Amino acid sequence: MTAYLVTILILVCIAIILGLALNLQWGLCGMVNFGMAGFFALGAYAAALVALSGAGTLAGIVVAALICAATCGATALVSLRLSDEYLAILTLGFGEVIRLVTLSESWLTGGSLGLPGIPRPLWGWVSEQNYELLFLALLVVVVLALFLVLEVLIRSPFGRAVRAVREDDTVASTLGKNVTMLRVKAFAVGGAIIGIAGAFHAYYLTYVDPSQFSAIITAYTFMAVIAGGRGSNKGLLFGAATIMCLIEGSRFLKDIVQVLDATQLASIRLILIGLGLILFLIYRPQGFLLEYRLRSSSLLARSSLNGATRMHDFKQEAS
Amino acid sequence: MKCHNRIDLRPSRRAVLSGAATAGAALLAAPFIARAQAAEIPIGVLLPFTGSQGAYGPDMRKAAEITTKLINDAGGILGGRSFKLFFEDDESSPTAGLAATKKLLEIHKCQAVIGIWGSPIAMAIKNVLIQANTCMMVSGAANAITDGDTKGLVWRYQAKATDWGPGMAKAMLSRGWKRVSILAQQNPFVIPMIEPAKKVFEAAGGQVVDSVVYNPDQPSYRAEVQRIFGASNPPEAVMCLGLLTDFVSIVREVVRNGYKSKVMALSIAADAEGKFIQAVGPDVAEGIEHFQPSPPLGSPTYARFQKLMGADENALFLFAGNTHDQVCTLALAMEKTKSTDSPVFTKAIREVCNPPGEVVGDVVEALKKVRAGSKIAFAGAGSDCDFDERGDQLNRHFGHFRIEKGKQVLVQVIKGPEGTL
Amino acid sequence: MIAQVVLNGFITGMIIALPAIALTLTYGILKFPNFAIGAMLTAGAYLAFICNSILQLPLLLSAAIAAVGLAATVVIVDRLVFSPLRERTTITLLVASMGVSFVLENMARFAFGNSARSFEAPIVRSMHIMGLRINFEQIVTAATALAGMLAVYVILRHTPLGRAMRAVADNPALAAVRGIDRERIVRWMWVIVGVLTAAAGVLAGLDRAIDPLLGWNYVVTVFAAAILGGLGNPLGAVLGALTLGVVEETSTLVIPPNYRQVVSFFAIAILLLLRPQGLLGTVRVKK
C-alpha cells in the first residue's frame, strides 16, 4: 500500500511541477502553452541522454532545464506578434515536432524503442526498497523550492509587471515595460521548470520512449491548473492532487463494477474524467483557491509601486 | 494482507515438520476468513484496453479468465488454493502502465504480473517488478525486455523481434518474391525486424528496392502507399509491417488503385483475430498473405483452446494463446515448487516447460502429473513453451497464411532459430 | 508523378476542409477553438456506421441520418456544456471542449470497442484520366466537400441566417442591439457544424477505417488548416486545408514521409510570422 501511495505521490509531484510551469506561463503571463507534452519530452530526453553519457543526474537536470528554457524562450520570441490562439497552435505544433523527432531520429533517441537504463539521482544512498521514498523526498524538496521561488517571483516587481502585461500589454508598454522581454523571460522560466519535471520523469521511470509523451499530458496539466484556480500556486497543489486522484481513483471503480467488459470499463473511466472536468468548470469556475492579490491596504502603504500593477489590482478589486 | 500470508504459511511449515494431522488442526484453528483469503493467489494481468493498442486487450483477458476457471474448477493448486485475477488497463501508455503495476503489486499483492502486450510498457515496469522480486510474463517482442540482470524473473511468451524478420523474409523468398519493398510502422517491435530481413533477402540474391517507415496515427497513408506500390518499377511484393488500423487504410488504398504488388503482412494486422476481414470484407482481403509467430496449429492444446474461446477451428489467436500459457506455466511452476514466491517458482518454469519429459498440453492433467512427481514438458496454446536461460522462447513456429475467400489458409510453417535447451 | 501527388494532396485537403470550416465557424461566433472537433468527427462516422452496417441502410441515407444525428448531438452538448460557460474565457471553453472530446470518444469506444470497422461499401477500382489515377472515393470526397463548402457559402452570404451569423461574429453587442437572438444563431451554427463534421466523418471512414481515434488523428491538421486560413474565416479555412494537404503530400517527394507533419507546422510558423492574421484573416484590434 505505501509503495503504491509513494508512486502516486511521485506522479502527483511531477504533475505539480508541470502545473507550476503552466501556472507561470498561462496563469501569470496569459500565454497558452499547448506543447507541454513536447517540452516535457524534450526535458526528459535531454536529462536521459546527459545522465546516460555518465555526466551525472544533476547535470541532466541542469541541461534539461536550460534546453527547455531556450526552446520555450525562442517559441515566445517567434510568436511575439501573435495572439493567444496562434501561440497555442505554435506550441502544439512544436510539441508534434518534438514527438516526431524522438520517434524518427533513432541514432539519438532510440526511436520508438526509447532509451532504457537511465541512472537515478542519489542511487545507492539507501536500500533499493527505500529508494522510492528517498526519490519522493527529493521531489518534495524540489517542489517546495520551486513553489517558494515562484511565490517570491510572483510578488516581485517582475511578477507584477508580467501580470500587468497579461491584463493589458498596451498599458504596460506605455508605462515603460519591455513587454517583449517580459514575455520571453517568463515563458523561458516556465520552460526551465518543465525541463526539470521532464528530468525527474525520466529518472523515475529509468526509461523514456515517445509513447509516454502524448497530448494527454497537456490535457491533464491544464485540468490541474484549472481545478486549482488559474494563477494560484497553492490551489495547484490541490488541483494536481485532485486530478491524480480522479485518474488513479477511477482504477478502483472497476474493481467494484463487474458487469462490463474491460474496454467498456476503461472507456467509462475516461468518460468520468471528462465529465468531472466539465462539471468542475461549470460549478467551481474559480478553482479551489484564488490567485494571489495585493490587498488595497498594502497597496496604499507602498507608494513606490508602479502604476500598471496598481491599475491591474484596482481593476480586479473592483470586479 | 501480509499477515494473512503468514498465517497461511505457518500451517504448511508445520505440515512438513509434524505431519498432516497437525497441519489439519492448524488449518482448522486458523480463522475462517483469513483462510479463505489466503487460499486465493492474486495474479495481476496488465493489458491495453484503451489507446492505440486497445484492440488487443479483450481477447487476452478472456483467455486469462477461461484458463483460470479451468485450473480453479479442477481444484486449484497447492492443495486447494485458487488463482484470483486482477486486471488493469495500461492505456497503451508506459506511465499509466507503471501506476497500474504499482496498484497490482501494492493493493492486490499480486504474486506475478502477466499479459503485458506493448514493449514500451514492459520496459517501463520491468525494473519495478524485478525490484519487487515479482515474476513478469510479457507478450512484447522488443529484444531489450529480457536484457540486463532480470534475476530470472522476466519471461517472454513471444518470439524476439529480431527473429521475426528473417523468418518473414524466408517465407517471401519461398514464394519466389525477390524484388521487394518494406513499408513499416515506427514501432518498437517492428523496427528491429527490418535489418535482419534485409540481410536475408540480400544473402539470397534478392533486392530490397525501397523501404519507408511511417508514424502511427496518421490521418492518411496515401503518400507512403503511392511511393512504395506506385513506384515506376513496382516491387514483386511488399512487406507491410504495421498494426490493424493503419493496415486497413493501406490495403484499401492499394486495392482501390489496383496496384499489382503482392502484400505480405503481419498476422497481427492482416488477421487480428478475425477483425481485419470483418473490417474490409473478404473481397478486399483476398490473396493477402501474412506471417507471424503462430500458435502450434493443429495441436490438441490449440484445438481445445479454440473451443474454449468459443471460436471455430479457423480462428487464429496470436496473443490470447500466450496468455493461456502464462497462466498455465504459473500454475505448474508454483505446484512444482510448492511456492507462490516468484524467485522460487520461476526457477521451475523451464523444468515444467522444456523437454525432456512427457509432452502435456492439458493444464489440469499437467498439474496432476506434476503432483505425482513425473517430469513433464508443457506445450501450450500459444507456443510449445520452451525457454532459454534468459527467459526467451525457443523453437517458435512461424505461420505463413494466405487469405482465401475470407478464410485463413496455412501456406507453411517456418521454424524459428533453435537454441540449446 | 507530381501531378498525381498534388491531386492526392488536394483530396486530403478536401476532407480536412469540412471540419476546418466547422472549427472556424465556432471560433468566429463563440470565440473558442473547439478541441472536440475530432471526437465529433468520430461520433459522426460511428452514427453512419450504425445506420449502414447494423441497420443495413444505404450509405447515402446513413450519412444523412448521421448528419442529423450529429447536429442534434452537438446542439445538446452546447446546451449542457458550452452554454453555461458562454461568458467565460477562451481557454476555459477550450478546456471544456477537451472534456467533451474525452466523453464523446469514449462513448464510441464503450459502444463499439477499439477495433477498426468499415462501411459496407464496395471498394471501386480507380480510373485513369490523362495519366492520373482517380478513384471513386476521391470523386465522392471532392463532390461532398465542394457541396458542403458551397452550402456554407450560400448560407453565410445569401440568407438572413447567414447575415445574422456574420453580425454576431463581428460584434455580438451590436447584433444584440439590432434584435438578433444570439442563442438562436448559436444553435444554427452548431447544426451546420454537426452536418459538416458528420460528412467529414463519413468521408474519413470511407478513406481509411473507423476507429475511436479516427477524429483525433485529424485534430492537429484541422487546427493547423483553420489557423493557416485565419481563424474565423470559412474561405480561409478551405484555402488553409487545401494548402496543407498539397504541401504535406508533395513534401514526401523530397523528405521522409514521416516528417510531413513537420513541414505543415513550419509552413504555418513561416506564414504566421509574415502574416500574423493568417492567409485571409483580418487584423483584429485587441480589446
Total residues in the range A:76-94, condition touching a Ser or Thr at 6+ places or on another chain (Cβ under 7 Å) and crowded, with 24+ Cβ neighbours inside 10 Å: 4
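Between B:Val212, B:Val251, which is crowded, with 24+ Cβ neighbours inside 10 Å and either farther than 25 Å from B:Lys160 by Cα or not assigned by TED's automatic domain parsing to the domain that holds B:Ala141 (or both)?
It is B:Val251.
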Residue that is farther than 30 Å from A:Phe158 by Cα, of a type in the set (Gly, Ala, Ser), within 28 Å of the chain's Cα centre (by Cα) and modelled with pLDDT of 70 or more, where the choices are A:Ser250, A:Ser232: A:Ser250
Set B:Leu85, B:Leu104: member being at pLDDT 90 or above and either part of a helix (DSSP H, G or I) or over 24 Å from B:Tyr56 (Cα atoms) (or both): B:Leu104
Subset of the range B:62-112 [within 11 Å of another protein chain (Cβ to nearest Cβ), touching a Ser or Thr at 6+ places or on another chain (Cβ under 8 Å) and not aliphatic (A, V, I, L, M)]: B:Glu88, B:Asp89, B:Glu91, B:Ser92, B:Ser93, B:Pro94, B:Lys102, B:Glu106
Hits in the range C:210-219 - residues which are facing chain A (nearest Cβ under 10 Å) and more than 11 Å from the chain's Cα centre (by Cα): C:Pro212, C:Trp216
Helices (runs of 4 or more DSSP H) wholly inside the range A:151-232 that include at least 2 residues being within 14 Å of chain B (Cβ to nearest Cβ) and under 18 Å from A:Leu42 (Cα atoms): A:179-205, A:216-228
Among the residues listed as B:Ser261, B:Ser267, B:Ser211, the single one being of a type in the set (Ser, Thr, Tyr) and within 13 Å of chain C (Cβ to nearest Cβ): B:Ser211
Given (1) touching a Gly at 6+ places or on another chain (Cβ under 7 Å); (2) farther than 30 Å from B:Leu129 by Cβ; (3) of a type outside the set (Val, Ile, Thr), number of the condition B:Gly321 does not satisfy: (2)
Condition broken by B:Phe276, with the remaining ones in (1) hydrophobic (A, V, I, L, M, F, W, C); (2) away from chain C (no Cβ under 14 Å); (3) part of a helix (DSSP H, G or I) satisfied: (2)
Subset of the range A:34-70 (residues that are in contact with a Leu (Cβ under 7 Å, 6 or more places away or on another chain), over 13 Å from A:Val208 (Cα atoms), crowded, with 22+ Cβ neighbours inside 10 Å and at pLDDT 90 or above): A:Met36, A:Cys68
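Residue-wise test of (1) in a strand (DSSP E or B); (2) aliphatic (A, V, I, L, M).
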{"site": "B:Glu365", "(1), (2)": "no, no"}
{"site": "B:Val370", "(1), (2)": "no, yes"}
{"site": "B:Gly380", "(1), (2)": "no, no"}
{"site": "B:Asp384", "(1), (2)": "no, no"}
{"site": "B:Arg402", "(1), (2)": "yes, no"}
{"site": "B:Val409", "(1), (2)": "yes, yes"}
Test for A:Glu132: is it among the acidic types (Asp, Glu), away from chain C (no Cβ under 14 Å) and assigned to a helix (DSSP H, G or I): yes
Odd one out for B:Leu46 among (1) touching a residue at least 12 places away in the same chain (Cβ under 8 Å); (2) facing chain A (nearest Cβ under 10 Å): (2)
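The values are calculated or read from the model by the stated rules, or taken from the named source; none is laboratory data. Computed from a predicted structure; not experimentally measured. Glycine also receives a Cβ, built like all others from the backbone with ideal geometry; neighbour counts cover every protein chain displayed.
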